[in-house]
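Working notes for the structure below.
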Amino acid sequence: MISIAIPKGSLEAQTLLLFKQADLEIKVTSREYSPRIEDARIEKVKILRPQEIPEYVDKGYFDVGITGKDWIEERGADVVEIADLSYSKTAEKEGTVKIVLAVQADRADIKEAKDVEPESKISTEYPNLTKSFFDKLGIPVQIFFSYGATEAKDMMDGIVELTETGETLRKNNWRIIDTILESSTKLIVNRDSWSDAEKRREIEEIRTLLSGVIEARGKVLLSMNVAEDKLKEVVSVLPAMKRPTISQLYGNDQHRYYAVETVVSKREVNVLIPRLKSMGAGDIIEIDITKIVR
């Protein structure tokens with residue numbers, strides 16, 4: 001049996017949703033620090049700050065954890081990254097966030113990181129990443145640890161901050177001049193646990209379920225019937241993970257029809273379905289997908 005640490009805070013709601021969609025629902029209340037998953041493979045679940053999870057997994061307090069790439073790098077954790085669960089903290093969408101260096105918007109003399117003056121004051125929640133970045137540039141700086149709302153520290157010469165769009169930084173008069181790291185949500189494993197054959201099997205099964213949900217997001221299954229003389233034209237416009245599935249319908253010897261199925265992006269459907277109909281496809285059905293396991 002395995003133990004899992006999941007992130008508290010901004011990623012918590014989407015992580016709980018991910019596990020629920022993977023049929024691994026986490027039973028938790030607002031005052032409960034030891035939630036549970038009713039699954040024979042999972043012994044223990046804890047909800048912890050994402051900053052702590054890499055170190056706890058590294059030291060073996062948990063077999064598996066979910067946290068950001070930024071915190072793995074910041075903590076210098078020696079863990080195995082087995083999946084990219086790239087989901088947003090605010091919505092079910094894929095994507096990455098960035099750790100960026102920003103200066104006051106009116107500092108026209110600073111166009112890139114190498115222009116930062118020695119002994120500049122830098123505020124950040126990522127002191128180790130920041131020190132390593134400036135050490136590589138050969139620029140000594142004063143690093144001040146930030147306990148949140150780093151963009152409000154306008155007494156600083158610069159900040160190193162996490163951002164999705166940069167909008168909050170711009171609103172607070174900061175201008176991004178460099179990207180230190182691109183980060184996304186990672187599924188990580190303790191190295192000893194990964195070397196244990198039984199635990200590894202259980203971990204891989206959990207990974208399959210979680211990754212299947214991520215893979216299915218934003219995709220739908222399209223099913224349709226197509227006459228033989230229209231089949232080649234219809235298939236030519238169908239996007240697919242590999243190739244569409246095509247099978248002949250029973251009992252149509254004189255006028256052959258084929259059933260066609262394919263997976264497409266949800267974003268394409270509103271344009272694709274009318275086009276398919278105009279090309280002769282009929283009985284078109286759009287079906288939501290909960291998991292795709294490759």
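Specify whether the C-alpha gyration tensor of segment 97-182 places it in the rounded, prolate or oblate class, a ≥ b ≥ c being the square roots of the eigenvalues: rounded for a/c under 1.5, otherwise prolate if a/b is larger than b/c and oblate if not. The shape class here is rounded. For segment 120-131, 3J(HN,Hα) computed residue by residue from phi via the Karplus equation (6.51, -1.76, 1.60; θ = phi - 60°) reads 4, 8, 10, 9, 6, 8, 10, x, 5, 4, 5, 4 Hz, glycine and proline entered as x. 3J(HN,Hα) along segment 133-139, derived from phi through the Karplus expression 6.51 cos²θ - 1.76 cosθ + 1.60 where θ = phi - 60°, amounts to 4, 6, 4, 5, 7, x, 10 Hz, with x in place of Gly and Pro. Taking the C-alpha atoms only, the angle from helix 12-21 to the longest principal axis of the chain is near 20 degrees.
Descending by average beta-carbon neighbour count within 10 Å, the peptides 223-231, 174-182 line up as 174-182, 223-231, the highest first.
Spin-label model, TYR147/GLU204: points 7 Å from Cα along the beta carbon direction are separated by 4.6 nm.
How far is helix 266-278 tilted off the main Cα axis of the chain, in degrees rounded to 10, range 0 to 90? Approximately 20 degrees, to the nearest ten. Taking the square roots of 5 times each eigenvalue of the Cα gyration tensor of segment 219-288, largest first, gives ellipsoid semi-axes of 20, 12, 10 Å. Cα centroids of segment 193-262 and segment 115-135: 48 Å apart. Of all DSSP bridge pairs formed entirely within segment 97-182, close to 65 percent run antiparallel. The fewest-to-most ranking of VAL271, VAL235, VAL100 by surrounding Cβ atoms within 10 Å reads VAL271, VAL235, VAL100. For the options TYR126, TYR61, TYR87, a Gaussian network treatment of the chain with springs between C-alpha atoms closer than 10 Å singles out TYR61 as fluctuating the most.
Just so you know, all these numbers are worked out from the coordinates, no wet-lab data involved. Values in this document were obtained by computation on a predicted structure and should not be read as measured data. Methodologically, a virtual Cβ is constructed for each residue, glycine included, from the backbone with ideal geometry; neighbour enumeration extends over all protein chains shown.
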